[in-house]
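One structure is given below, encoded as C-alpha cells.
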Amino acid sequence: MKLLKTTPRNIKLAAALIKAGGVVAFPTETVYGLGADGFNPAACARIFEIKRRPRFDPLILHAASIKQAATLFKRVPAPALRLMKRFWPGPLTLVLPKSAAVPDIVTAGLATVAVRVPANPAARALVKAAGRPIAAPSANSFGRLSPTTAAHVKKQLGSGPDLILDGGKTRIGVESTIITFIKGRPVLLRPGGLPLEEIEKIAGTAARAPGAGRRSPAAPGCLKKHYAPAAKLRIIAPGQRVRPGGAAAYLAFSKRPAGKFRAVQVLSAGGDLREAAAALFSALHKLESSGARTIYAEKVPPHGLGRAIMDRLKRAAA
Ligand code: TXA
Ligand code: MG
C-alpha cells in the first residue's frame, strides 16, 4: 500500500489502478472514500472485503458529471433533476431506479442505485480520469468512525487499499445527504453535509421515510449502530454535570467543560454547526485514541448540519 499526495500525476496513477481492478482510498469533500471501478463486480467485491462490510449494504457510485450520472438511472423525476442542477457537484446522493449498466453487487440486488457527483477537485479529477463511475463507501472499517484524513484511513484499513490518496482534511466532514423520491416527493434516507432545509427549498417538503425506525431501514446501511468509536458514547445536554475521572473524555459543542477529563474536544468555539460537522469525526478519532472508556458528547442544535451531527452521535451511542 502506498500513501501519495493528490498531485495530477498521482491522480493519474490512481485512475490507472482503478481501471485495472484496484482499490484506492481518496478524499471527497465529505469523508474519504474507498473506491473501485463501479462497473467491475470483482473490484467492488474487494471493497466489501477490505471494509469487512456485509454484502447487503449497497455502495454509492461517484460520477464526474450530471450527464454521466444520468446513464446510471433508469429515469429521473423532475424534482430530482432540479436537485442535481442546483447541488451537484456536492454532498448530495440521489437514490433512484437503476439502469441496466449498474452491476448487482453495487446495489446489493436492489432495483435502485445511489449516485453522487463529488465536489472535491481531486475526487472529480479521479472519476474523470477513470472514465467510469467509481463505487465508494466511506473508507472506514464497517460500523466504525468515518475518516476525514488520510491518517484515519491508514489507521483503520492499513494495507487493505492498493493506494491512499492524501488530500488533507475533508472540508465538510460528514457524509453526503441521501435523498430518494416516493410519488414525486423527496424522502430523507440519511441526513448529511447538505442541510435538508436547502433541499426542501428546491424539491418541496420531504415525506417521512417508509419504515423509518424499523429493523430493515430504507437505506440498508443506516443501521442503528454505526460510526461507533471504541469507547462507549453517551449523549448529554450541554453543560450537564457528569463525573469526570480518568476514564472519561468529553466532546463539547462550544464550551469547555469544567472538571478534569482524560481528553476534551470542542467542536466549534463560536457555536457554528458547519465548523462543528467538519471537526466531528476528527474529534471522535482523537477522543478514541486517548484511551477513554466513556465519551460524553453534548447535544447540538438539531437543524442544518446539526441534524447530521446528531444522527451520527445517536448511532455511535446505540
Ligand atoms: O459522503 C458520502 O456519501 C461518502 C463519500 C465517500 O462519498 N460515502 C458514503 O458511503 O458515505 P457509505 O457506503 O458509507 O454510505 C452509503 C449509504 C449506506 O448507508 C447505504 O446503505 C446507502 O447509502 N445506500 C446505497 N445505495 C442505496 C440504495 N440503492 N438504496 C438505499 N440506500 C442506499
Ligand atoms: Mg459509511
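Some notes on this structure:
- Hits in the stretch 67-100 (condition: under 20 Å from the mean Cα position of the chain (by Cα) and of a type in the set (A, V, I, L, M)): Ala69, Leu83, Met84, Leu92, Leu94, Val95, Leu96
- Considering (1) at pLDDT 95 or above; (2) assigned to a loop (DSSP other than H, G, I, E, B); (3) more than 21 Å from the chain's Cα centre (by Cα), the lone condition that Gly192 does not fulfil carries the number (3).
- Output for the stretch 131-149, where each listed residue is hydrophobic (A, V, I, L, M, F, W, C) and surrounded by 24 or more Cβ atoms within 10 Å (Cβ to Cβ): Ile134, Ala135, Ala136, Ala139, Leu145
- Per the listing Ser268, Ser282, the residue uniquely in a loop (DSSP other than H, G, I, E, B) and within 21 Å of the chain's Cα centre (by Cα) is Ser268.
- For the condition more than 12 Å from ligand 1 (Cβ to nearest atom), farther than 23 Å from Asp37 by Cα and not in a strand (DSSP E or B), Lys169 qualifies.
- Out of Ile179, Ile172, Ile164, one residue alone is buried (at least 22 other Cβ atoms within 10 Å of the Cβ) and within 12 Å of the chain's Cα centre (by Cα). It is Ile172.
- Restricting attention to the stretch 69-120, the residues that are under 21 Å from Glu175 (Cα atoms), basic (Lys, Arg) and buried (at least 18 other Cβ atoms within 10 Å of the Cβ) total 1.
- Selection within the stretch 147-159: residues that are assigned to a loop (DSSP other than H, G, I, E, B) and at pLDDT below 95. The member of this set that is nearest to the chain's Cα centre (by Cα) is Gly158.
- Positions within the stretch 1-12 being touching a residue at least 24 places away in the same chain (Cβ under 8 Å) and either charged (D, E, K, R) or surrounded by fewer than 17 Cβ atoms within 10 Å (Cβ to Cβ) (or both), in sequence order: Met1, Lys2, Leu3, Leu4, Lys5, Pro8, Lys12
- Qualifying residues in the stretch 266-312 (those that are more than 18 Å from Ile172 (Cβ to Cβ) and of a type in the set (S, T, N, Q)) - the one surrounded by the fewest Cβ atoms within 10 Å (Cβ to Cβ): Ser289
- Enumeration of residues in the stretch 24-47 that are surrounded by fewer than 20 Cβ atoms within 10 Å (Cβ to Cβ) and in a helix (DSSP H, G or I): Pro41, Ala42, Ala45, Arg46
The values are calculated or read from the model by the stated rules, or taken from the named source; none is laboratory data. Since we're looking at a predicted model, the values are computed, not measured. So basically every Cβ, Gly included, is an ideal-geometry build from the backbone, and we count neighbours across all protein chains shown.
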